[in-house]
Amino acid sequence: MDGNPIEIAGLCKVYGGFTAVDNLSFGVRRNSFTGFLGPNGAGKSTTLKILTNLIKPTSGHAFLNGTDIREDPKEALTGVGTVIETPEFYGYLTPRETFRYIGGIIGMTNESVSCQTEEILEKVKMSEWADKRLSTFSKGMRQRIALGQALLGDPSIIILDEPTSGLDPRGMAEIRDILKNIRNDNGNLTIIMSSHILHEVEDLCDRIVMVNHGRLILDDDMDRIRQAAGVETMVLKSESGPTDAAIDAVSRVENVISVRRDGQDIEIRYDVSKGERSKLFADLASLGIGAYSLTEGDSLEQRYLELIRESR
Amino acid sequence: MDVADDLRQIIQVAKYEVMKFMRSRKFLIYSALTAAVVLLITFLPYVLGGNLGDTAGEAFSTYVGFVSLLVLLGATLFASYTLVSEFEERTALILFTRPIKRVTIFAGKFLSCFVLVGAIMVAYYLVAFLAALAATGSLITSFLPSMAMCLAYVFATTGVAMLVSSLFKKGGTAAVVTFLAVLLVVPIVSSAASGAGVDTWFMLDQASTAISNSVPEYVEMTNGVLESMGEAMGVDMSGMMVQAADCVRSGSVMVAWGAVATLASLALFTRREF
């Protein structure tokens, strides 16, 4: 198993005539935060549902901490926390009772559940709601509780399937912050998270696994993806705005591949393999167009779109 | 070790299922209905100038006549929802992704439904026993056989309701189908089979008559009423006369219905994908 806490080997799932997962194999490195990407219908959720024993694979294997989920789901899911899609809770229970229920199922004592409950509710910023019934909670609050219950029993693996899906921007930011804190607090945690939100993945993850049509199309470190992008898109803000003269001046700068208007800004495609970003900024500042801000574009998005296009 | 852990998890699931049920509106409705039945049977005869009965058996007979309907209502309200709701309300995404076998979840849920409806029915029997004692000053001896038959019926209807629950996508549909299947479909099949000359002792509706027919005074009273009706109308009612229950056979039939339905439900539930 190469010591990977999550290992997928030749996994297939066929629904009727539709192949959702097609001979998929990859491993998730220990202590990594892996982003699991792909367009709608790529097989991400199906793979994660197989990993969490919600559905059975047609063939192939999925291992959690070396145990095949098909062979022994109870053993495989021991020490694993999950948030699959937007789960619902038993509305008649409070977060404290829900944690006691789940804690009891995973074999925790009442004392350790009580102790961890306070700590986790604090972490997910839900302490003051500990004894309110879950039926009264908003979607964002329920999702924070979902993340909280995934932390019960100090799991070594956390599986997240679009944890910010359907939340408003504030809710998304809160979940992202919680995930960052979880990651910072515990370095011995392996997390796999599927998401459609690329900047969220770029912000949180250090590895990327990408699938399309149920097949693997990328499995790499985030840093290497950034470097491999070669051409980077950047956004320039200037006092003069995107005038014809400014665009013409910018397009003459060394290693700039193309320039276009982007609202009140100028979008630049720059060959980072040939020139440093600092030199670009210095060159732009010397143009006399009042350049005051240069922000990096989304390298993951570029790579994502390229790979999806290629794998069609 | 694994078996002990499974048993611990079954108790944990059952405990929280019962807690969920007891906080639900369904439980409130069910308790209120059962209490209303008890109150009406106990006090209405006195309000109307009569009494509950001359003997303990007579008084008790009125109560047992409503048992099968109350049991079916309990199974419909709780057991027919318990499995389907995990999928319909997406709570399975929390529970099923934990280190717990599907069979353990199933056993915990079955246990909770059986215990809840069973406990309410035991309370119902105790009230009936005490009311009969208070009204007539004598003890009813056929109390235990009837209660045992009632619990066998709770087992059977819970199994059937869980089988229906594992087949449907909506809890509401599962509840309606459970209620109609036990109240209408099974008796129609029984009646058709009986009309064709088949002895229908193995049918659930026939076996469940043991709940009341295990009380001799009930059999006596019912046959007395039928006889009087027959005489008044000039019709021979002997074919409609009820017979004292064969509790072993009827109990076995109800347990068999429960066991087969439960096993079929378990097979469907463990294979069901989210």
Quiz item: Taking A:Gln149 and the conditions (1) in contact (Cβ under 8 Å) with a residue 60 or more places away in the chain; (2) assigned to a helix (DSSP H, G or I); (3) under 18 Å from the mean Cα position of the chain (by Cα), which numbered condition does it fall short on, given that it satisfies the others?
Solution: (3)
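What do you reckon, is A:Asp206 out of contact with any Cys (no Cβ under 9 Å at 6 or more places or on another chain), touching a residue at least 24 places away in the same chain (Cβ under 8 Å) and surrounded by fewer than 18 Cβ atoms within 10 Å (Cβ to Cβ)?
Numbers: out of contact with any Cys (no Cβ under 9 Å at 6 or more places or on another chain): yes; touching a residue at least 24 places away in the same chain (Cβ under 8 Å): yes; surrounded by fewer than 18 Cβ atoms within 10 Å (Cβ to Cβ): yes.
It is true that A:Asp206 is out of contact with any Cys (no Cβ under 9 Å at 6 or more places or on another chain), touching a residue at least 24 places away in the same chain (Cβ under 8 Å) and surrounded by fewer than 18 Cβ atoms within 10 Å (Cβ to Cβ).
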Exercise. Filter segment A:158-194 down to residues that are within 24 Å of A:Thr47 (Cβ to Cβ) and of a type in the set (Gly, Ala, Ser) and give me whichever is farthest from the chain's Cα centre (by Cα).
Key: A:Gly166
Quiz item: Only one of these conditions is not met by B:Tyr63: (1) more than 23 Å from B:Leu204 (Cβ to Cβ); (2) aromatic (Phe, Trp, Tyr); (3) buried (at least 20 other Cβ atoms within 10 Å of the Cβ); (4) away from chain A (no Cβ under 14 Å). Which number is it?
Solution: (1)
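Within segment B:173-274, which helices (runs of 4 or more DSSP H) (wholly inside it) include 3 or more residues that are of a type in the set (S, T, N, Q), more than 14 Å from chain A (Cβ to nearest Cβ) and surrounded by 18 or more Cβ atoms within 10 Å (Cβ to Cβ)?
Once the helices (runs of 4 or more DSSP H) in segment B:173-274 are filtered for at least 3 residues that are of a type in the set (S, T, N, Q), more than 14 Å from chain A (Cβ to nearest Cβ) and surrounded by 18 or more Cβ atoms within 10 Å (Cβ to Cβ), what remains is B:247-271.
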Exercise. Go through segment A:240-258 and give me each residue that's in contact with a strand residue (DSSP E or B) (Cβ under 7 Å, 6 or more places away or on another chain) and over 23 Å from A:His199 (Cβ atoms).
Key: A:Pro242, A:Ala246, A:Ile247, A:Val250, A:Ser251, A:Asn255, A:Val256
Quiz item: Which of the residues spanning segment A:7-60 are buried (at least 23 other Cβ atoms within 10 Å of the Cβ), of a type in the set (A, V, I, L, M), farther than 26 Å from A:Asp154 by Cβ and away from chain B (no Cβ under 14 Å)?
Solution: A:Leu11, A:Leu24, A:Leu37, A:Ala42
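Every residue, every condition in (1) among the β-branched types (Val, Ile, Thr); (2) out of contact with any strand residue (DSSP E or B) (no Cβ under 7 Å at 6 or more places or on another chain); (3) modelled with pLDDT under 95, yes or no:
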site: B:Ala174; (1), (2), (3): no, yes, no
site: B:Tyr218; (1), (2), (3): no, yes, yes
site: B:Thr222; (1), (2), (3): yes, yes, yes
site: B:Met229; (1), (2), (3): no, yes, yes
Quiz item: Residue check, A:Gly166 against (1) at negative phi; (2) assigned to a loop (DSSP other than H, G, I, E, B); (3) modelled with pLDDT under 90, all met but one. Which one?
Solution: (1)
Self-check item: Failed item in (1) in contact with an Asp or Glu (Cβ under 6 Å, 6 or more places away or on another chain); (2) surrounded by fewer than 23 Cβ atoms within 10 Å (Cβ to Cβ), with A:Ile84 passing the rest
Solution: (2)
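Looking for whichever is away from chain A (no Cβ under 14 Å), in a helix (DSSP H, G or I) and out of contact with any Ser or Thr (no Cβ under 9 Å at 6 or more places or on another chain) here; the options are B:Leu28, B:Leu33. Which one fits? Don't jump to the end; show me each part of the working.
Values: B:Leu28 fails: away from chain A (no Cβ under 14 Å).
After applying the criteria, what remains is B:Leu33.
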Quiz prompt | Hits in segment A:53-101 - residues which are under 26 Å from A:Met126 (Cα atoms), touching a residue at least 40 places away in the same chain (Cβ under 8 Å) and hydroxyl-bearing (Ser, Thr, Tyr) | solution = A:Thr82, A:Thr86, A:Tyr90, A:Tyr92, A:Thr94, A:Thr98
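The values are calculated or read from the model by the stated rules, or taken from the named source; none is laboratory data. Predicted model only: the values in this text are computed from it and were never measured. In this analysis, Cβ positions are derived from the backbone assuming ideal geometry, glycine residues included, and neighbour counts consider all displayed protein chains.
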